[in-house]
Each structure stands twice: as C-alpha cells, then as structure tokens.
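I have placed the structure first, in the form of structure tokens, so that the comments after it can refer back to it.
The values are calculated or read from the model by the stated rules, or taken from the named source; none is laboratory data. What you see is a predicted model; the values in this text were computed from it and never measured. We place every Cβ from the backbone using ideal geometry, glycine too, and count neighbours over all the protein chains shown.
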There are 2 protein chains.
Amino acid sequence: MKFKWYCLLALLIPSALSSQAVGEEINVADHGVLPGEDATYPLLRLIQSVEGESNITLVFPKGTYRFAPDNALEQFRAVTNHDNSLKRMGFPLFGFQNITIDGGGSTFLYHGRISPIVIESCTGATLKNFSIDWDHPFHSELAVVENNEDDDTFTVEVDRDRYPYTIKHGEVLFERDGWSDPFGSNIVFDPKTQSPIYDTKKYGVNYSKPVKVTAVGKNRIRFNANGRALPPVGSVLITYGVNPTSRLCPAIHIANSSDIRVENVTVYAAGGMALIAERTENVTLERMVVTSTSDRLVATRADATHFVGCRGTVKLENCLFEHMLDDGINVHGAYVKIEEYLGNNRFIGAISHPQQWGLMFAAPGDRVAILSRETVLPFHQTSVEEVEVLNEERFVVTVLDVPDDLPAGPLSMENLTWYPDVVMKHNTIRQNRARAALITTKGKVLIDSNYFSSQMHGILIEGDNKKWYESGGVQDVTISNNVFDNIGFEGGAVYPLLASPLLTDEQRMGEGHFHRNIRFLNNTIRSFNGLVAQTRSVSGLTIAGNAVEFSSDYPANSEFPSIDLHYCDDVQIVDNTATGFDHALTIAQSADSTDVEIADNVGFQAESK
Amino acid sequence: MKFKWYCLLALLIPSALSSQAVGEEINVADHGVLPGEDATYPLLRLIQSVEGESNITLVFPKGTYRFAPDNALEQFRAVTNHDNSLKRMGFPLFGFQNITIDGGGSTFLYHGRISPIVIESCTGATLKNFSIDWDHPFHSELAVVENNEDDDTFTVEVDRDRYPYTIKHGEVLFERDGWSDPFGSNIVFDPKTQSPIYDTKKYGVNYSKPVKVTAVGKNRIRFNANGRALPPVGSVLITYGVNPTSRLCPAIHIANSSDIRVENVTVYAAGGMALIAERTENVTLERMVVTSTSDRLVATRADATHFVGCRGTVKLENCLFEHMLDDGINVHGAYVKIEEYLGNNRFIGAISHPQQWGLMFAAPGDRVAILSRETVLPFHQTSVEEVEVLNEERFVVTVLDVPDDLPAGPLSMENLTWYPDVVMKHNTIRQNRARAALITTKGKVLIDSNYFSSQMHGILIEGDNKKWYESGGVQDVTISNNVFDNIGFEGGAVYPLLASPLLTDEQRMGEGHFHRNIRFLNNTIRSFNGLVAQTRSVSGLTIAGNAVEFSSDYPANSEFPSIDLHYCDDVQIVDNTATGFDHALTIAQSADSTDVEIADNVGFQAESK
C-alpha cells in the first residue's frame, strides 16, 4: 500500500527541506521488503517500480534487513579511489529527484561483495536513520598471543568463525564470502587505545614477497617477522587485502548528483570507504558515524569519507569517524596528464592514477587550467567544448583555445569548476590509520570546533602531481578552535597541520606559491611531540592564538621544529602558547621564506633564519 | 576522399550479395588510417563518423596497420566462453547495416590486450582479405633442451626477445604487454608434427601448486617434472596463462547480429578464440584460416571458432584451422539453471557456467523448454514473455505458462529458438589441441568432405548439464565423405565420432534418448587404433560405408571397441570395411541397446550383446 501526503505546512519548513516535503511515502513492508529475509530483489523491484517519480520516501520499519549479491542488480562501475568492477548494488538509486531512504533505525546487513548504496545522477537524495554492516567484514583481526625473539617469530590466534582461513602451500588465505584474500596490507592495532599502536610502521609484515606461515594448533598461525619488530603480545594484527581487490565495495557511492544529505547513518564496515562522492554538488553529512562494532577493532578498509571533483559545499557536522584504516576525509580534484596535442584545440588526456580511472574529468562548459607538470603551476585557462571518453584511462578533450606557444614539456590539466567549499564543524576523527583530514580545494574552507586525534598528520593540505595526482592548491582555509589530541602517534615529523605540495625530483617550485591563505587559529593542541605546523610554498599563512599543551600519553620527542616554514610568504606566527614542555618549541624558517612576522608567542623560540 | 558508386548490375548479382552491392566505399587512407602508424584512434574516428549509415565498405590499401590499447574505445563486454572484462577494441562495429571491412591483403597487427574486431548488433557485416596477428602472442614457446631422469628435471631454452620472462621468488613470470602471466595451462608440442606430442597428457607441468623453477644461464629455465614424464629433448613446452585472464581477447567477437560473412581472413594469434559468435543468425566462414606464423608453433590460445545460441545457418567452407590450443569448432546452446520459482510464471534463472556469464539466454518470443536436471530431458515447452537481467549470472524470466505440477527437483531451461543448422564442407582441422568439431544443435547438420586430424575426438556430439552446460541434443546430423586422419593421438579411447551426453552421477538416462538421427557415412578413417565411433543415448544411428585403414604413424592400440554402443536404438552398422589391421575391429553394444542391425562389415567382428 502506498499513500500520498501533501504537506500543507511546507511554507513553514526551512526551504532546504521543503523541496522534499511534498511527496509520497512508501512503506517497504507493503512491497515484500521484510526484516530477516533477503531484501535485495524485493527492494530492487520496488525501486524500479518508482523509477522516474519524484519526492519519494522509502520508509523501513525498524529491523535488520539482509542483502546478498545473488539477486542484486549489477553494473560495471568506475568508483574513484576504489577498484572498478562489475558492482552488485543493494540500493541502486539512479536518476531520482528528491528520494529519501528513511531506515527508521534499521540495520542493513550485507553479505559478500556488494555495494550497499549507489546514488547516481540524482538531484536531491537523503539517507537517514540506519546503519550499514556486513555479516563478515573485509579484514581479519589476528590477536598476537606469543612472540619469540630467538627465532624472530610471532603467533596469532584467530577466531575462525569470524575470520575463517586456510593455509595452502605455506601461505594463509582468508576466506571471505565468495573469494579469498591473501595476507596483504596489514597494521598492528592496540586494543587498549582502539587505535594503531604507537610507531606501528615498525611492526607489520612485509608482504611484497610470499608470507610463509605455520599452522600452530587449530586456530593459531605463526609468522616470521621478516626483519620487522615483533608485535607485542596483546596487540592485534589487522590484515585487509591486496590491490586491486581491496576496494571493491564502498558503503555509499555518490556520483554525478546534487544536494545529497546523509543524516544519522552509521557505517560499521566496508570493502573500501564508508562514503565516496565524485562530481557531485552539495553534500551534507550530519551525525554520520563510522566506527567498528563492539566485537571488532576496525571499521572500514579505507577512508571514512572522500570527495573528488565536487562543487557547491561539502558540509560535515557532528560526525564521528573512528577505527577506519585510512583518512577521515579527503577533498581534492585530479591532475590529468596531457598525452598528446592533436591540433585544433584537441588533446588526448589520461587520468593519472589507476584508482581514479573512469573519473569524469570534465564536461562541456567546465573551466580548466593547463599547467606544467614540472612546476605544477598553471599557465593558461580555457573552457571545455567537448569530451569523448575512449576508455577508463584516456579521453579526448576539445577546449576553446590554447596558447600559441604551447610548451613542449610534460603538461597536465586541472578542472577549475569542480572544487567545493568545505565546512567541518563539531566532528570527531580519531583512532584511525592515517590522517584526520586532507583538504585540497580552491573553495572556501572552514574547519572549526572539531576534535582530531590521528596517527599521521592532523590536517594535510598537500596536492601533488606525482603520486596520487590530487589537485587543488588551496585559496582560503580557516582552521580554528579545534582540539588536536596526540596527533602523529605513528612517530616522526608528523604535524597537526602540514601544508605542502608533494613534488618529484624532476618537479620544482615555480615562480609562484602553490597554496594561499591558510589560517590556523585558536586551536588547542595536546601533544607529546610539541609539533604544530610544517608548511611549504604557502603565501599568506597565519598561525595565531593556538595553545600547545604537553601530553605524556606517548613518548616525548623534541627532534623536529614545532613550526617549520619552507618557501613561504606573508606569514604571521603570533600569540601562540606552549605549556608543560621541558624545552621551548622551535620555530624554523627556510632562507627563501619572505615577509615572516613572529611575535608574542610564549614557550616558543624562533631559530635564526 | 569518399566516393559513392551505384551498381546498375545489382539485379544480376545473387540476392545474398545484392543488399551490400549499393553502397559507399571509403578509402581509410583518406581518414588518416595509415600503414606503419597506430591506426586505432584514426580508425575509431572514421567508424564513428559513419555511425548509422548503411552499406559502407572500409577499404584498406595493402599494408601493415598497427593497433594498440592506449587510445582504443573500451566497453565492459561479456563474451561467452571467454573472460568478461573491460575490452578495448580495434574495430568497434556497433549497429551497422551491411558494413564491409576489406583489408585488401593487409595485416592488422595488434599489441597488448585488445579485441581486434567486435561486431555487435549488426545486420549484415563482411570481413575479408586481411590477417590478424599480434606483435607478441598470448603464449610462450619453451624449447626443451635437456632432461635428467636422475633429478627428475628438464630444462627449456627461451627466446627472451619473443617470450620475455622474469623469475621472482622462484617462480617464472612471462612478461606480456601490460601484464604478466604466471606459468599456467601448458602442453607439450612436437615440432616435427607441429601438433601436440603423442600422449601429451603424460607430460606437462602440474601448476595447481606453485611451480618452482631455477634460472640456468641467461635464457634457460629448469623445471621439476613433479611426477610427470620428462618431455623429450626437442619437444616444445607451450604455456598459455591462467584463469580468468587467459581468454580476454578473442580475435573476432560477433554478438546479437545477423548475416555475417568472414572471407579470406587469417588469424595467427588471439588471447582467446579466433572467432566467437553468440545469438547471431547466419554466419558464413569462407576460406577463413587459423594457423601459426612460421616462427611459432601455436596460433590461438583457445578454439578456432565457437558458436553459442545462434540460429539460421552456420556455414564453414574451405577453411583451414590448425595449431590452436582448443577445438576447431563448437556449436551449442546453454542449459541455464532455474534457481527459484517466484510464482506468476516467473523464474529466477542463472547462467550455469562462469565463462557463459553475461550470455543473453533468451528474449521475448523465444521458445524455451523446461527440463529436469536429473534426466536432462524436457517436460514442458513454452515461450518467453519478459526477461530482466539482474547481473552477469542471474535473470528473471517470465514465460507464457508453466505446468500445474511443476516438479520440485532441480530444473533447467533451454532456448529452443536459437539453434542453427550447420554446414561444413571442404574444411581442414588438424594439429590442434582438443577436438576437431563439437556439434550440439537441434538444427540440420551436414559435415561433408572435410579433413580432420585432431588430438582428441574428431567429432564430439555431447551435450551436458553438469560441467560446460552445453545444450542441444541433436536431431539430424550427417557426417559423410570426410577423412579422419590419426584421430586421437592423445591416446586412449578417443574416437572419430563420439556421441553421448555427459551425465553426473546424480543424473540418469530418462525414458527417451538424448540424441537422434546421426548418420556417419562413407568416411575414410586412417587410424593407428582402429576406432570409429562410441555412442550413447542415440536413437537413429547409421554407421555405413566407412573405410578404416591402418596407419603406423602412432603406436597401434587394440584395447577399445572400434564401434561401441550404449543405450542406443534403431542402429544400422553396415558396409564398413577395415583394412591393414592385424585383428578384426570390434563392434560392441550394451544390453540396453535396441533394434541394432550389424551387417556386411569387412574386417569387423561384432561382440555378442
């Protein structure tokens, strides 16, 4: 049974909601979508039956709904920063206008290789009030129960019901639901902190060569440390697959859409990221949670959230991201390679990174910059007339004009139209592998009143045209009133704020600066290493009003400058205070930094330039 | 420059040609498609520029045209009996009416993973006067230069320019153009016969476990025989990849089309079959050649030709197929599984064999049979109303009616509309791994005046609902006036004609017979083992007028009956002669064979029933 309701009070409701307020509410139970049963095919039938309709809400009575790949709709899909493949989909939401999935507090429980939610070419979609989990996650948790310096081995104990495995030809295979993963990417977690163990990179197992193991009793496996440090007894070795099959199933994939809202949605696992959005305008995440279930240490195989080539505003408020095996959020564009100039303003372009293959780089009307791949600085702007996709990697792009003296050197292109503003407020990102936030966008960025406690850099403003090809020298970033708690417990020169393009040996700083206008204001930094910021090629940098407090949670380290400037211009470092350290924190600057003001800092000491 | 010509003599030309006689001839050189250069993108532009036009001929001035995957158009494609994937295509011929590719004697030389020719949804297409080759083939040829009984090893010498390899962690990787193949499927060839060596299955290397090798000098590799016989010095070990990446690139793929003609086309290599056609009506191959180049022993990685779910007539005349690593021709349908009855005449079906995933099983209007998966005999016929594809494997099919008493047991479905007639005349199939011809179709079949010399069965009329799921119990087959030369040099009970469904232990013969009306007439059989035919579950079988002549080319073998009948009915075995054997050839029949006439055979002896 469907019923339509017409909201007479629409005028009283804020306008952002009103477009979805008049619509049809469908109780999925009326269409055979029932808790405890395989909901995949009945839900597909229901979704197909409302194709082309607008302002639909699918309401799930609270329960646990099961989804399996067997009868799921499938499509070959490129998902940026994931592994492209035929994807079977739980919610294939294609081309809807204002569709809402209201889980009513339900759990959507997936089995095997399936992509829970795909939002493709939708104008207005809201996901709310549900959680996404898998019966068996995409990683294995191996408790370290013995280690032995004498023979350089350690032994893990495995709950074989939850993490089944076989040992074949001396190598361990983790049996998933329809495939098996060899021992691959791995990291040691500390159950006491529910985080990567301090200095985790010294542990782990090198899997670039075959990892030979020995069965020890019915549920124990002995590893050779292969020259790495032996993980402590009580720690947990996490292994999570190999390229290119470790990122096949993101929980939520959003592409070519606009006005997407995710509200009160929890993701407990994913064979990839919890949420990946590409070429989408306006995404709001409100009370989105990524965390592990109580019986697992780890949540998703990859990032909590990731935004590539989006525009409008990416807004995250009151979210909690923890226990994932990669960054909390990453916002960037893509540098694509120019392979060949065909004449007549036509280029053969190539998506640079294999995990971005299939990305829609540009469409007619987009503004693009042509840039040197040596300096990574643009020299020409134009707009796109036509794009012909040849294959996952390559396309032919026709632009309005090219300079008369097109340089012969290696060139790239960057889409200037698709960079979003970013607002992050009152979020917590912690206890994960890697960074809290990576931000490279030319839009306006406000990161205010968040809590960050990441193993690697807190906020990484990078941009590179060499490895990940993540574009977006920033223009206007404010990072204020946040708490950075024990950032960098992987050890080393790891900063709450690192702002620097990543250059190859063949690449060099050009005449200009890569990043502009970064303000790091009034943050509280609880720190075992006293580090605040390292910056390079930034013009317009303010580090002011921050309070750094010593923390004894991890081993103290005074090896690196607290604030470390390289080739920066127009810098103010003022009114910062450091307390509780047994030494003054160092402010260093390179000889090619210019117009640097350092004043009124307490507990800091500026090195002579 | 294009010019149009209007053929005033169209009425004088046979009607099959006339539809293509009025049309436009395009010299590809006028569109930048030039010998010696990468033709891929210029040809794509040309093909796209004539999209939607009819009666087009693309004329290639004689030369060697190069094709590479870099700038090739790509599509995710399911290719039956191959490995589905994103395919980059040399000639993406989609939706044309009467298109002709006239190579003018050219060589189309491919590089890497690319599908040379794809004919999809075309009505009328002719390929003629060219050859297809790759700069580097999809297999490696390893000359056996030493063997050593003492340590059970043999050593191969490799031309590293042609078959580059690396040895990593004690295993050999063959470097292809963009990927590497581990040591996988393998077979030993005898360069003297240009064929698989006699009894080849006793050699080869078991690769179900890691194959450890030793580098011996700069271009030699030592293998352990792992319990197999040591291949003789002078033989050549062929290795050709592993599942599911060994069949990505068929040379010619034809799908959902009609009236396709391939004439004077030679295929020297392919990462799969030379020609695979599915759901296509009327395919004619005239002087198609599959062979190896003079510096290789082996041609394609898989069959020369293969036809799945076709109709009309499959006609092969004056073709030569040799040196391929699988069958010469295979014609069949597909048994699909019924997974679930949804009610209302709707079933969830599943393509049974993974290498058939993506096959279009049926479309509205097709007649289908529902059958028991135990007896493999049909019990109901109906027609298809609707098909909804869920994913590569599964679909929902709605039929007109189902029996009131639908059995609960395991059921299958078979498409009765899409079985072709087959005409094979004056073809040669020889010196290949596996069979000459597999024929399971309900259409009329004439195999006349061909030369067959295959390592396994000559003509295999099988059908199975257990392993390959190849459907099509035959109705009318005539095999006449052919030469079968030294068939079965793999050794064992291998016959010029084997007609028998393949049943699992759980499957059983039903009330009826699976195959009907097979006539094996006036063939000449040069034979080292005296074998003629083994048949099972055939009603209406004539073996008459055949001459079996002893051949000393391979070791004589009198172990098996020359004619071996199991559960056959209405059989005539008459007027056959055997000469040159030192014993009478045996005719055996099972107790459940009925109505068997054995008369006027010379050199044969019927065993008592």
Given the residues B:A363, B:A369, which is the only one that is assigned to a strand (DSSP E or B) and free of Cβ contacts under 8 Å to residues at least 60 places away in the same chain?
B:A369
When you scan segment A:434-456, do you find a residue that is acidic (D, E) and in contact with a Phe, Trp or Tyr (Cβ under 9 Å, 6 or more places away or on another chain), even just one?
no
Of the numbered conditions (1) among the hydroxyl-bearing types (S, T, Y); (2) in contact (Cβ under 8 Å) with a residue 24 or more places away in the chain; (3) not assigned by TED's automatic domain parsing to the domain that holds A:G95, A:T266 fails exactly one; give the number of that condition.
(3)
Go over the candidates B:A556, B:A544 one by one and state the one that is assigned by TED's automatic domain parsing to the domain that holds B:L460, touching a Leu at 6+ places or on another chain (Cβ under 7 Å) and without any contact (Cβ under 8 Å) to a residue 60 or more places away in the chain.
B:A544
Could you please find all residues in segment B:146-170 being surrounded by 15 or more Cβ atoms within 10 Å (Cβ to Cβ) and part of a strand (DSSP E or B)?
B:N147, B:T153, B:F154, B:T155, B:V156, B:E157, B:Y165
I'd like to check something: does segment B:116-137 contain any residue that is on the phi < 0 side of the Ramachandran plot, crowded, with 24+ Cβ neighbours inside 10 Å and within 14 Å of another protein chain (Cβ to nearest Cβ)?
no
Result of the Cβ filter at 6 Å on segment B:490-509, keeping first residues that are outside the structural domain of B:T193 (by TED's automatic domain parsing) and partners that are among the acidic types (D, E) and in a loop (DSSP other than H, G, I, E, B), at least 6 apart or interchain, is B:G491/B:D199; B:L502/B:E462; B:Q507/B:E374
Segment B:313-368: number of residues that are closer than 17 Å to B:R279 by Cβ, over 24 Å from the mean Cα position of the chain (by Cα) and within 14 Å of chain A (Cβ to nearest Cβ)
1
If A:P555 passes every condition in (1) in a strand (DSSP E or B); (2) surrounded by fewer than 18 Cβ atoms within 10 Å (Cβ to Cβ) but one, which one does it miss?
(1)
Pick out the one residue from A:I254, A:I276, A:I238, A:I260 that is in a strand (DSSP E or B) and closer than 23 Å to A:T200 by Cα.
A:I238
When you check B:S257 against the structure, is it surrounded by fewer than 24 Cβ atoms within 10 Å (Cβ to Cβ) and either farther than 30 Å from B:D366 by Cα or not basic (K, R) (or both), yes or no?
no
Which number in (1) touching a Phe, Trp or Tyr at 6+ places or on another chain (Cβ under 9 Å); (2) surrounded by fewer than 17 Cβ atoms within 10 Å (Cβ to Cβ); (3) modelled with pLDDT under 95 marks the one condition that A:A493 misses?
(3)
Going by the structure shown, is B:V298 more than 29 Å from A:D70 (Cα to Cα), over 13 Å from the mean Cα position of the chain (by Cα) and assigned to a strand (DSSP E or B)?
no
Strands (runs of 3 or more DSSP E) contained in segment A:38-87 and holding at least 1 residues aromatic (F, W, Y) and within 14 Å of chain B (Cβ to nearest Cβ):
A:64-67, A:73-77
Can you tell me which condition A:E511 does not meet? The list is (1) within 20 Å of A:R311 (Cα to Cα); (2) surrounded by fewer than 19 Cβ atoms within 10 Å (Cβ to Cβ); (3) of a type in the set (D, E, K, R), and all the others hold.
(1)
Just to be sure, is B:S49 among the hydroxyl-bearing types (S, T, Y), without any contact (Cβ under 8 Å) to a residue 40 or more places away in the chain and surrounded by fewer than 21 Cβ atoms within 10 Å (Cβ to Cβ)?
yes
Right, A:Q356: crowded, with 22+ Cβ neighbours inside 10 Å and of a type outside the set (A, V, I, L, M, F, W, C) or not?
yes
What number of residues within segment B:199-235 are crowded, with 19+ Cβ neighbours inside 10 Å, more than 14 Å from chain A (Cβ to nearest Cβ) and either without any contact (Cβ under 8 Å) to a residue 60 or more places away in the chain or under 29 Å from the mean Cα position of the chain (by Cα) (or both)?
7
Mind checking whether some residue in segment B:93-111 is within 14 Å of chain A (Cβ to nearest Cβ) and either buried (at least 22 other Cβ atoms within 10 Å of the Cβ) or β-branched (V, I, T) (or both)?
no
